[in-house]
Amino acid sequence: MENVFDLLKERGYIKQLSHEDEIRELLGKEKITFYIGFDPTADSLHVGHFVQLMAMAHMQQHGHTPIALLGGGTTMIGDPSGKTDMRTMMTKETIEHNAECFKKQMSRFIDFDGQHAIMDNNANWLLNINYIDFLREVGVHFSVNRMLTAECYKQRLERGLTFMEFNYMLMQSYDFLVLNQKYGAVMQLGGDDQWSNILAGADLIRRKLQKPAYAMTFSLLTTSEGVKMGKTVKGALWLDENKTTPYEFYQYWRNIADADVEKCLALLTFLPMDEVRRLGALRDSEINEAKKILAYEVTKQVHGEEKAKAAQQAAEALFGGSAEGADIPTTVISAEDFAADSRVAAMLVLCGLAKSKGDARRLIEGGGVYAGDEKVSDPNAVLTEAQLKEGVLLKKGKKSYKKVLLG
C-alpha cells in the first residue's frame, strides 16, 4: 500500500510539518496513533472541519489509528487563534450538548469501533485538574517569550489578550501529553491556524518524556484568491442538514469558482487524482460538469447518496426551468402572514431571499426576481391565495431559489 504521506501531499492537504523526513518514514513503516482536536463551539461541524475529517479518513484507510478529541475542557477557555476578540464564554451544559452533536456527525465519516478509531473528551482530564500541579508539570516547560512570538497570540496583543486565553496553548499541549501516555499518540494533526499550538504539544512531549512526537498541519480551505471558503449568506456552511439543507450544500459546491474546482475535488472527495486532474483541466462550459461531480460527491459524503441525488435532481429541475417533483427548499407561510402582506416583496423576506422589504424592492426593480418563469417587474406585485396553495417558486438571480407554500 502506498505511503499515506505521499497521498496527503499529492492531494494538497499538507501545509507544515515539524520533521518532514522522519514523518514520511514513520508513516511508511509503522501504523501510528494520531489525533485531531475539535472544540465544540457550535452544535454542528462545518466544512472546515470536514477537510480534517477527510484527512483523518485517508489516514485510517491506510491503517493508522485516529483519535477524535472533543474539546469539552478547552472550549471552556476558548482558543484565541484567528480571533480578534475573546470568544463568548459558553456554559458547561451547552458545550456538552455541542460535543454530543459532534459525536453523531463524526461517526458518519470515521469508524469508531474502539479498535480502528478512538473518541475521547479532554473534559475528562482538564476539568478537575489541580492548577498548581499543572503549572509544575506543564508550565515549567514553556517560555513566555517564545509563546508571545506565536501567531495565535501575536495578533491579539494589541487588542488585548486575557490570561485565561494565554493558558490555551498549555492546555492543548497537555492534551497531546495525555493522549501520548494513554493511547500512544505520536502525532497531532490540524488546520494550519493551529500550527503554534500543535508544535508546542510535540515540543512538550520531547522535553518532558524525551520521546519523539510530531506535528502536521493541513491547508485551510480557501479560494484561489486566499479567501476562506464555506461562508454563505446565512453564515457558515454547516454539515447539519437542519442548518444548511442538502440542496443548499450541493448548490454551494455547484457554484464555486472555476479555479477552485480541482483543489476541492482533491481535498473533499475520494476520487482518484488522475480523475481529479482531468476534471480540473476542463475549461469554459465543460467545467460545469466537473462542478456537478464535485457537488454530488461532497454532498454524498456528508448527507448520503439518497439526499445527494435529491439535491442534484432539484438543481437540474430548476436549471431546466421546471421544479416539478424536485426536492426544493420550501418555506411554508401562515395564513396570517399572507393576510398581512401578499406582495412578492414580502414573500422574498419571509423565505430569506431578501433581508428586508426595501432590499426586496431593489431586487425587483433591478430585474433579478422571478415568480415561476415570470419576471417580477412591479415592486407591488402580489401573489394570490390559489398560487401559494399550489406553491410558487421564487428565484433571485440565477443561483438562489425558494418555494413558497401557504400552510
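Please go through (1) under 20 Å from Asp193 (Cβ atoms); (2) out of contact with any strand residue (DSSP E or B) (no Cβ under 6 Å at 6 or more places or on another chain); (3) of a type outside the set (Ser, Thr, Tyr) for Ile205 and return the number of the only condition it doesn't satisfy.
Ile205 satisfies all of (1) under 20 Å from Asp193 (Cβ atoms); (2) out of contact with any strand residue (DSSP E or B) (no Cβ under 6 Å at 6 or more places or on another chain); (3) of a type outside the set (Ser, Thr, Tyr) except (1).
Could you list, in sequence order, all residues of the range 217-236 that are more than 18 Å from Ala55 (Cβ to Cβ) and aliphatic (A, V, I, L, M)? Working first, answer last.
First pass over the range 217-236, keeping only residues more than 18 Å from Ala55 (Cβ to Cβ): 223-227, 231-236.
Within the range 217-236, Val227, Val233, Ala236 qualify.
Could you say whether any residue in the range 288-304 is farther than 28 Å from Ser107 by Cβ and in contact (Cβ under 8 Å) with a residue 40 or more places away in the chain?
No, the range 288-304 contains no residue that is farther than 28 Å from Ser107 by Cβ and in contact (Cβ under 8 Å) with a residue 40 or more places away in the chain.
Say whether the condition of being touching a residue at least 24 places away in the same chain (Cβ under 8 Å), buried (at least 22 other Cβ atoms within 10 Å of the Cβ) and under 21 Å from Gly71 (Cβ atoms) is met by at least one residue in the range 129-142.
No, every residue in the range 129-142 fails to be touching a residue at least 24 places away in the same chain (Cβ under 8 Å), buried (at least 22 other Cβ atoms within 10 Å of the Cβ) and under 21 Å from Gly71 (Cβ atoms).
Go through the range 364-377 and give me each residue that's crowded, with 22+ Cβ neighbours inside 10 Å and out of contact with any Pro (no Cβ under 6 Å at 6 or more places or on another chain).
Val369, Val376
Is it the case, given these coordinates, that Asp193 is within 21 Å of Ala55 (Cα to Cα) and among the acidic types (Asp, Glu)? Don't jump to the end; show me each part of the working.
Values: within 21 Å of Ala55 (Cα to Cα): yes; among the acidic types (Asp, Glu): yes.
So Asp193 fits the description; yes.
Out of curiosity, is Phe5 of a type in the set (Phe, Trp, Tyr), free of Cβ contacts under 8 Å to residues at least 24 places away in the same chain and under 23 Å from Tyr183 (Cβ atoms)?
yes
Among the candidates Ala290, Ala266, single out the residue that is under 16 Å from Arg11 (Cα atoms) and either in a helix (DSSP H, G or I) or touching a Lys or Arg at 6+ places or on another chain (Cβ under 9 Å) (or both).
Ala266 is the lone residue from the list that is under 16 Å from Arg11 (Cα atoms) and either in a helix (DSSP H, G or I) or touching a Lys or Arg at 6+ places or on another chain (Cβ under 9 Å) (or both).
Which members of the range 243-269 meet the condition of being in contact (Cβ under 8 Å) with a residue 40 or more places away in the chain and either among the acidic types (Asp, Glu) or exposed (fewer than 15 other Cβ atoms within 10 Å of the Cβ) (or both)?
Matches in the range 243-269: Glu248, Asn255.
I'd like the residue in the range 161-181 that is in contact (Cβ under 8 Å) with a residue 60 or more places away in the chain and not hydrophobic (A, V, I, L, M, F, W, C) and, out of all such residues, is surrounded by the fewest Cβ atoms within 10 Å (Cβ to Cβ).
Thr162
Mind counting the residues in the range 183-199 that are aliphatic (A, V, I, L, M), part of a strand (DSSP E or B) and within 26 Å of Gly226 (Cα to Cα)?
Matching residues across the range 183-199 total 1.
The rows are residues; the columns are (1) at pLDDT 95 or above; (2) surrounded by 20 or more Cβ atoms within 10 Å (Cβ to Cβ); (3) over 18 Å from the mean Cα position of the chain (by Cα).
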residue: Glu25; (1), (2), (3): yes, no, yes
residue: Lys31; (1), (2), (3): yes, no, yes
residue: Tyr35; (1), (2), (3): yes, yes, no
residue: Ser44; (1), (2), (3): yes, no, no
residue: Gly48; (1), (2), (3): no, no, no
residue: Met89; (1), (2), (3): no, no, yes
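May I ask you to list the residues in the range 358-382 that are assigned to a helix (DSSP H, G or I) and under 21 Å from Pro329 (Cβ atoms)?
Asp359, Ala360, Leu363, Ile364
With the checklist (1) part of a helix (DSSP H, G or I); (2) not assigned by TED's automatic domain parsing to the domain that holds Arg24 in hand, flag the one item Thr244 doesn't pass.
Result: Thr244 passes all but (1).
In the range 385-407, what count of residues is obtained for those that are in a loop (DSSP other than H, G, I, E, B) and either within 16 Å of Thr331 (Cα to Cα) or without any contact (Cβ under 8 Å) to a residue 12 or more places away in the chain (or both)?
3
The values are calculated or read from the model by the stated rules, or taken from the named source; none is laboratory data. All values reported here derive from a predicted model rather than from experimental measurement. Neighbour counts are summed over all protein chains in view; Cβ atoms, including those assigned to glycine, are modelled from backbone coordinates with ideal geometry.
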